[in-house]
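The values are calculated or read from the model by the stated rules, or taken from the named source; none is laboratory data. Since the structure is predicted, the reported quantities are computational estimates derived from the model, not experimental observations. All Cβ positions, even for glycine, are placed from backbone atoms using ideal geometry, and neighbour counts span all protein chains on display.
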Amino acid sequence: MRLAILLSGRGSNFAAIHDAIVRGELEAEIVCVISNRPNAPGIERARALGLSAQAIYHRSFGTREAHESEVLRVLGDARPDFIVLAGYMRLLSPAFIAAYPMRILNIHPSLLPAFAGIDAQAQAIAYGVKVSGCTVHFVDENLDAGPIIVQRAVGVRDDDDASSLSARILEEEHIAYVDALKKLAEGRYRVDGRRVVFS
Ligand code: GRF
């Protein structure tokens, strides 16, 4: 399974996926890592690991389309089976998503459909939910809304703030992303409307 990773920042989900491959737990190859930010720690880590790593800075392009077409060109050369969004802070256009239908994955730090959008952990604290978590899903043209592959729940404690809850959710994210990719690598799944069904 050939994976392309798109990220914008820290890259801990990317690192968790890479570690799982190195441990032999996930049969996959990271064929390229792309960051839209030149100094993202995640892209520096990818370079240090000797992976094919490219910063494609969105501000160097005049339009969203121009930036995306360069990202698509690099992806076209890398020929990934799946594109893994790992903290990629750019909305993808419908044309980009249509180029890889049900082959783009995202991770979101809440139990979707609750708390889509930014600051999901702070939204969960503010709402007062007792359980939150994370969701790995296919990307469709709506924000944080595609068919769900894996979810993991995290209890919210009375003394939690957004930061402490984020840290516990992040631990589950790393497990969830690897789990989702393992399931896709096995190949025995179908997408039936909104439902991803494994057999
Ligand atoms: C994670 O919380 C993820 O759920 C969200 O962005 C964050 C990325 O973290 N989409 P990292 O860069 O993988 O450490």
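Which one of the conditions (1) touching a residue at least 60 places away in the same chain (Cβ under 8 Å); (2) of a type in the set (A, V, I, L, M); (3) touching an Asp or Glu at 6+ places or on another chain (Cβ under 8 Å) does Ile21 fail to meet, given that it meets all the rest?
(1)
Does region 1-28 hold any residues that are out of contact with any Lys or Arg (no Cβ under 9 Å at 6 or more places or on another chain) and assigned to a helix (DSSP H, G or I), and which are they?
Answer for region 1-28, where residues must be out of contact with any Lys or Arg (no Cβ under 9 Å at 6 or more places or on another chain) and assigned to a helix (DSSP H, G or I): Ser12, Asn13, Ala16, Ile17, Asp19, Ile21, Val22.
Among the residues of region 80-103, count how many are in contact with a Cys (Cβ under 9 Å, 6 or more places away or on another chain) and aromatic (Phe, Trp, Tyr).
Within region 80-103, residues that are in contact with a Cys (Cβ under 9 Å, 6 or more places away or on another chain) and aromatic (Phe, Trp, Tyr) number 0.
Could you say which residue among Asp140, Asp158 is part of a loop (DSSP other than H, G, I, E, B), at pLDDT 95 or above and surrounded by 14 or more Cβ atoms within 10 Å (Cβ to Cβ)?
That would be Asp140, the only listed residue that is part of a loop (DSSP other than H, G, I, E, B), at pLDDT 95 or above and surrounded by 14 or more Cβ atoms within 10 Å (Cβ to Cβ).
Being touching a strand residue (DSSP E or B) at 6+ places or on another chain (Cβ under 9 Å) and either basic (Lys, Arg) or closer than 18 Å to Leu85 by Cα (or both) is the requirement here; does Asp119 meet it?
no
Which one of these is buried (at least 19 other Cβ atoms within 10 Å of the Cβ) and of a type in the set (A, V, I, L, M, F, W, C): Val191, Val131, Val178?
Every option except Val178 fails the conditions.
Out of Ile149, Ile169, which single residue is within 25 Å of Gln121 (Cα to Cα) and outside any helix (DSSP H, G or I)?
So the residue among Ile149, Ile169 that is within 25 Å of Gln121 (Cα to Cα) and outside any helix (DSSP H, G or I) is Ile149.
Please work out if Ala120 is touching a helix residue (DSSP H, G or I) at 6+ places or on another chain (Cβ under 7 Å) and without any contact (Cβ under 8 Å) to a residue 40 or more places away in the chain.
Spelling it out, it is not the case that Ala120 is touching a helix residue (DSSP H, G or I) at 6+ places or on another chain (Cβ under 7 Å) and without any contact (Cβ under 8 Å) to a residue 40 or more places away in the chain.
If you take the residues of region 16-37 that are within 13 Å of the ligand (Cβ to nearest atom) and surrounded by 18 or more Cβ atoms within 10 Å (Cβ to Cβ), which of them is farthest from Ser52 (Cα to Cα)?
The initial filter retains those residues of region 16-37 that are within 13 Å of the ligand (Cβ to nearest atom), namely 16-19, 33, 35-37.
Pick out the ones that are also surrounded by 18 or more Cβ atoms within 10 Å (Cβ to Cβ) and you get 16-18, 33, 35-37.
Working: Ala16: 17, Ile17: 15, His18: 13, Val33: 6, Ser35: 11, Asn36: 15, Arg37: 16 Å.
Applying the filter and picking the extreme gives Ala16.
Yes or no, residue by residue, for (1) farther than 21 Å from Lys182 by Cβ; (2) aliphatic (A, V, I, L, M):
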{"residue": "Leu6", "(1), (2)": "no, yes"}
{"residue": "Phe14", "(1), (2)": "no, no"}
{"residue": "Ala20", "(1), (2)": "no, yes"}
{"residue": "Gly24", "(1), (2)": "no, no"}
{"residue": "Glu27", "(1), (2)": "no, no"}
{"residue": "Val33", "(1), (2)": "no, yes"}
{"residue": "Arg37", "(1), (2)": "yes, no"}
{"residue": "Gly42", "(1), (2)": "yes, no"}
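Can you go through Ala116, Ala162, Ala153 and tell me which one is under 18 Å from the mean Cα position of the chain (by Cα), farther than 30 Å from Ala95 by Cα and not aromatic (Phe, Trp, Tyr)?
Just one listed residue meets the conditions, Ala153.
If I go through region 172-195 residue by residue, how many of them are in a helix (DSSP H, G or I) and of a type in the set (Gly, Ala, Ser)? Give the steps one after another, and end with the answer.
Just the residues of region 172-195 that are in a helix (DSSP H, G or I), to begin with: 172-186.
Cutting the leftovers down to of a type in the set (Gly, Ala, Ser) gives us 176, 180, 185.
Qualifying residue count, region 172-195: 3.
Working carefully through the options Ser93, Ser12, find the one that is farther than 23 Å from Val191 by Cα and modelled with pLDDT of 95 or more.
Numbers: Ser93 fails: farther than 23 Å from Val191 by Cα.
From the options Ser93, Ser12, the qualifying one is Ser12.
Would you confirm whether or not region 55-67 contains a residue that is on the phi > 0 side of the Ramachandran plot and modelled with pLDDT of 95 or more?
Within region 55-67, not a single residue is on the phi > 0 side of the Ramachandran plot and modelled with pLDDT of 95 or more.
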